[in-house]
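Quick notes on the structure that follows.
Computed from the coordinates by the stated procedures, all read-outs in this text should not be read as laboratory data. Keep in mind the model is a prediction, meaning the values are calculated, not measured. Note: ideal-geometry Cβ built from the backbone for every residue, glycine included; neighbour counts use all protein chains shown.
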Ligand code: 13P
Ligand code: ZN
């Protein structure tokens with residue numbers, strides 16, 4: 001199907017980032033998922049599409065997403081193939097006018113990610129808050145996930161401070177740090193709810209022993225944040241592998257950055 005230029009750009013953006021997730025080694029098998037609110041760029045042709053199959057009830061209504069359209073990666077689909085053949089591995093879904101169900105409208109009948117409850121709850125929450133953040137990414141960055149296996153890192157803002165202190169960029173480009181959600185069943189409403197609480201304070205959330213979730217105005221933005229945090233995790237790990245605990249920037253040095261960049 002031929003999409004208008006703006007929608008085609010969004011599809012290309014998801015494909016681009018899906019490729020990065022695979023190249024980074026963060027997307028084993030079907031690991032990770034992406035959703036993108038495209039309501040502002042769908043045209044009459046997409047709006048007129050007949051749904052493919054029955055509408056599917058949502059576990060919880062999404063009041064702020066009534067009649068919205070989303071690009072969503074399919075469950076069990078590989079990021080490497082989302083990258084090479086995007087519309088064979090993701091769908092456009094339309095939320096019903098009452099916000100209680102959704103239908104797959106294009107291009108093939110590809111069932112959305114099992115993490116749809118989290119993705120839609122987050123979009124619903126972000127719109128309710130008046131944010132312009134349209135994209136949600138979930139991925140499995142190895143070193144960041146490894147860090148969540150250490151109880152000592154899970155206290156509030158401990159990991160944020162440690163990751164900030166590894167390299168100035170992380171302090172500058174992930175100014176809110178990372179929130180942590182204790183281990184919760186993947187795909188559950190409980191995981192969605194716990195993530196939303198953290199998103200009130202942070203743009204990136206780590207799901208203990210599972211992965212990272214980021215939000216942004218486009219798909220590249222959360223990817224860049226997770227990538228920057230991942231760089232810090234790798235620096236920390238490299239120091240440990242060399243037999244020392246990295247010293248990290250001092251509080252004074254981090255405060256200097258905060259002041260210099262108005263963070
Ligand atoms: P999906 O294939 O359903 O998107 O699941 C991948 C995943 O990472 C679950 O957390
Ligand atoms: Zn996952």
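Data overview
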{"read-out": "Unique match (being under 28 Å from residue 260 (Cβ atoms), without any contact (Cβ under 8 Å) to a residue 60 or more places away in the chain, surrounded by 15 or more Cβ atoms within 10 Å (Cβ to Cβ) and within 16 Å of ligand 2 (Cβ to nearest atom)) among 204, 181", "value": "204"}
{"read-out": "Residue within segment 75-96 that is within 20 Å of residue 189 (Cβ to Cβ), touching a strand residue (DSSP E or B) at 6+ places or on another chain (Cβ under 6 Å) and part of a helix (DSSP H, G or I) present", "value": "no"}
{"read-out": "Segment 131-151, residues that are within 16 Å of ligand 1 (Cβ to nearest atom) and either crowded, with 22+ Cβ neighbours inside 10 Å or within 15 Å of the chain's Cα centre (by Cα) (or both)", "value": "135, 136, 137, 138, 139, 140, 141, 144, 145, 148"}
{"read-out": "Any hit, segment 40-57, residues being within 16 Å of ligand 2 (Cβ to nearest atom), in a helix (DSSP H, G or I) and over 16 Å from the mean Cα position of the chain (by Cα)", "value": "no"}
{"read-out": "Residue 119 being away from ligand 1 (no atom under 16 Å from the Cβ), under 30 Å from residue 237 (Cβ atoms) and touching a residue at least 60 places away in the same chain (Cβ under 8 Å)", "value": "no"}
{"read-out": "Restricting segment 209-239 to residues that are part of a loop (DSSP other than H, G, I, E, B) and within 13 Å of ligand 1 (Cβ to nearest atom), the residue that is nearest to residue 26 (Cα to Cα)", "value": "210"}
{"read-out": "Subset of segment 90-110 that is crowded, with 16+ Cβ neighbours inside 10 Å and without any contact (Cβ under 8 Å) to a residue 40 or more places away in the chain - its residue that is farthest from ligand 2 (Cβ to nearest atom)", "value": "95"}
{"read-out": "Some residue of segment 4-16 being within 17 Å of the chain's Cα centre (by Cα), free of Cβ contacts under 8 Å to residues at least 60 places away in the same chain and surrounded by fewer than 21 Cβ atoms within 10 Å (Cβ to Cβ)", "value": "no"}
